[in-house]
Each structure stands twice: as C-alpha cells, then as structure tokens.
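Reviewing the structure listed below.
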C-alpha cells in the first residue's frame, strides 16, 4: 500500500479546527509543540495499515484534555473508526520532572467537560 503524501494527509486533517478546540484548555505545552504532536499523530495514523490495532491511539497522561483533544481530532479525521484511549488517574496530582509533586483538585470532571465541548467524547 503506498504511503499517503503530506498533501493527502493535510486534506483530511483539519489542523486549524483541532488547534482551535485545544486553545481554551489548560495544559503544559506551547502551540508549536501542539502542532508537532498533531503532525506526528497524523503521520502515524495515515501510515497505519488498517487493522483494529493500527486504528488505536493511547495517551498516557491527560490532565484537562489539551493533548487529548488534538489526538482525538486526528483520529476522528484520519481514522473515523479508530479510538483514543486516554489514561490518567485524574486525582489532581501534578508531577513535574525534578520537582516535588503538587496536589490540585481532581480533573476528571473538567476533562470530560472539555471533550464534550470539543464534540470528541465518542472518539475517546
């Protein structure tokens, strides 16, 4: 099976819409990093062979769903039958490399609210 061109991927993935959905969600990375994550996910999804396993994306660490919305947007646009599995305890513990953990409020409710607002609950 020939590898899809970048133009073919770009025509299927609505990058601007994915980034617009992500922007209001609190999270850790810059817009430049968000674009890199979206492009990387799009490339991986476009190269998948089509088996169920190739249509699955797993995210470890979701917080409020900023990256989840990007990944789910890519899955929705490029592999409509695919799913994103987001793994996070949503217990409010924030772990940063080289720093002591911080205790915040649980994040599951906000995470689900952000996915619903983005229209992506059925993908995650």
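The values are calculated or read from the model by the stated rules, or taken from the named source; none is laboratory data. Since we're looking at a predicted model, the values are computed, not measured. No Cβ is skipped: glycine too gets one built from the backbone with ideal geometry, and neighbour counts run over all protein chains shown.
A single entry from 18, 10, 41, 34 fulfils the requirement of being modelled with pLDDT under 95 and either closer than 28 Å to residue 96 by Cα or in a loop (DSSP other than H, G, I, E, B) (or both): 41. The residues of the stretch 75-90 that are in a loop (DSSP other than H, G, I, E, B), out of contact with any strand residue (DSSP E or B) (no Cβ under 8 Å at 6 or more places or on another chain) and modelled with pLDDT under 95, listed by number, are 79, 80, 81.
Residues checked against (1) over 25 Å from residue 11 (Cβ atoms); (2) in contact (Cβ under 8 Å) with a residue 40 or more places away in the chain:
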| site | (1), (2) |
| --- | --- |
| 45 | no, no |
| 71 | no, no |
| 76 | no, yes |
| 86 | yes, no |
| 94 | yes, no |
| 97 | yes, no |
| 107 | yes, yes |
| 121 | yes, no |
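Look through 97, 110, 72 and report the one residue that is surrounded by 12 or more Cβ atoms within 10 Å (Cβ to Cβ) and either within 13 Å of the chain's Cα centre (by Cα) or not in a helix (DSSP H, G or I) (or both).
On the way: 97 fails: surrounded by 12 or more Cβ atoms within 10 Å (Cβ to Cβ); 110 fails: either within 13 Å of the chain's Cα centre (by Cα) or not in a helix (DSSP H, G or I) (or both).
Selected residue: 72, the only one of 97, 110, 72 that is surrounded by 12 or more Cβ atoms within 10 Å (Cβ to Cβ) and either within 13 Å of the chain's Cα centre (by Cα) or not in a helix (DSSP H, G or I) (or both).
Of the candidates 24, 2, the single residue that is modelled with pLDDT of 90 or more, surrounded by fewer than 19 Cβ atoms within 10 Å (Cβ to Cβ) and farther than 16 Å from residue 123 by Cβ is 24.
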